[in-house]
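Peer 1: Could you have a look at this structure, given as structure tokens, before my questions?
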Amino acid sequence: MSRSAQSNTNLLDRPLGRSGGRVGGSSDATSVSLSAFAYVYSELVQYHQGRAASVSELERRLESAGYGVGLKVLELVAYRSKETKRETRLMSMLQFVSSSVWKSLFGKAADSLERSIDHADEFMIVDYEPITSTFVSVPQDLGQLSADAYVSGIIAGVLDGAGFSARVTAHSVDLEDGEYSKPNTTGMPPRKDKAVFLVKFSPEVLSRDAALDR
């Protein structure tokens with residue numbers, strides 16, 4: 001694409017994250033630089049760190065910041081989508097988040113979408129290389145901080161905006177032997193954990209979804 005053609009591209013049609021899911025992005029001028037994101041996100045964490053009395057409060061602040069982004073992302077992805085129907089089923093909405101929303105933000109779909117065996121109201125979105133914790137260093141004094149809390153806020157914003165009220169939390173889970181392997185092209189130490197975003201839906205959402213099965 002020529003420079004003039006890129007400049008005429010509607011802002012709402014431009015990708016927000018890495019192109020093709022490649023770490024570090026590409027030469028595409030319409031994608032957001034990974035180094036720029038890492039810098040801005042680090043500044044965001046430091047800003048809220050100075051105003052939080054505890055790690056849990058810092059995580060809540062990051063979630064809140066992501067929540068507003070999620071509401072806007074829902075509008076943007078819906079605008080771009082060729083589908084005009086609104087998602088009404090719980091699983092369809094989760095698939096929309098883990099595929100369309102993830103691709104819009106990060107240039108790739110989430111690695112997996114799983115349902116809890118023990119709790120019918122809980123689902124898990126798994127990402128093996130979340131950019132908020134892969135490329136952003138957490139200070140030692142904040143060792144228990146989930147740097148992916150910002151993304152959990154985005155997920156909550158998307159779901160709430162679509163009428164699927166849920167509590168979303170980010171968790172770091174150790175990788176099992178052989179669970180995930182990828183050629184290291186980043187020059188960074190390979191991750192030993194994955195990000196699991198736990199989605200716990202409100203009772204009314206579950207009741208509404210069950211009623212649609214009748």
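FYI, it's all coordinate maths here, none of it is from the lab. This one's a predicted model, so the numbers in the text were calculated from it and none came from an experiment. Ideal geometry is used to build each Cβ from the backbone, glycine not excepted, and the neighbour counts take in all protein chains shown.
Peer 1: Between R214 and L142, how many nm apart are label points set 7 Å from Cα along the C-beta direction?
Peer 2: Placing both labels 7 Å beyond Cα along the Cβ direction yields 4.7 nm.
Peer 1: If I model a spin label as a point 7 Å beyond the Cα along the Cα-Cβ vector, how far apart are those points for S202 and Q46 in nm?
Peer 2: Computed distance between label sites S202 and Q46 equals 3.8 nm.
Peer 1: Find how many whole Å separate the alpha carbon centroid of the stretch 41-59 from the alpha carbon centroid of the stretch 118-191.
Peer 2: 17
Peer 1: Quick one, what does Rg over Rh come out to for the stretch 32-211 if you take C-alpha atoms and the Kirkwood Rh?
Peer 2: On the way: Rg = 16.4 Å, Rh = 17.1 Å.
A ratio of 0.96.
Peer 1: By counting other Cβ atoms within 10 Å of each Cβ, how are H171, H119 ranked from fewest to most?
Peer 2: Values: H171 14, H119 10.
Fewest-to-most ranking of H171, H119: H119, H171.
Peer 1: ³J(HN,Hα) across the stretch 151-157 via Karplus (A = 6.51, B = -1.76, C = 1.60, θ = phi - 60°), whole Hz, x for Gly/Pro?
Peer 2: Per residue, the Karplus-derived 3J(HN,Hα) values read 5, 4, x, 4, 4, 4, x Hz.
Peer 1: Pull up all non-local amide H partners of S112: gap of 5 or more, or a different chain, and H-to-H distance under 5 Å with H placed in the peptide plane.
Peer 2: V126
Peer 1: Let me ask something else. Any idea what diffusion coefficient the stretch 46-150 gets from Stokes-Einstein, in µm²/s, Kirkwood Rh on alpha carbon pairs, 25 °C, 0.890 mPa s?
Peer 2: 157
Peer 1: Go ahead and run the numbers for FRET between S165 and K192, Cβ-Cβ distance against an R0 of 30 Å, rounding to 0.05. Write out the running numbers ahead of the final one.
Peer 2: Numbers: r = 34 Å, r/R0 = 1.12.
Plugging the Cβ-Cβ distance into 1/(1 + (r/R0)^6) gives 0.35.
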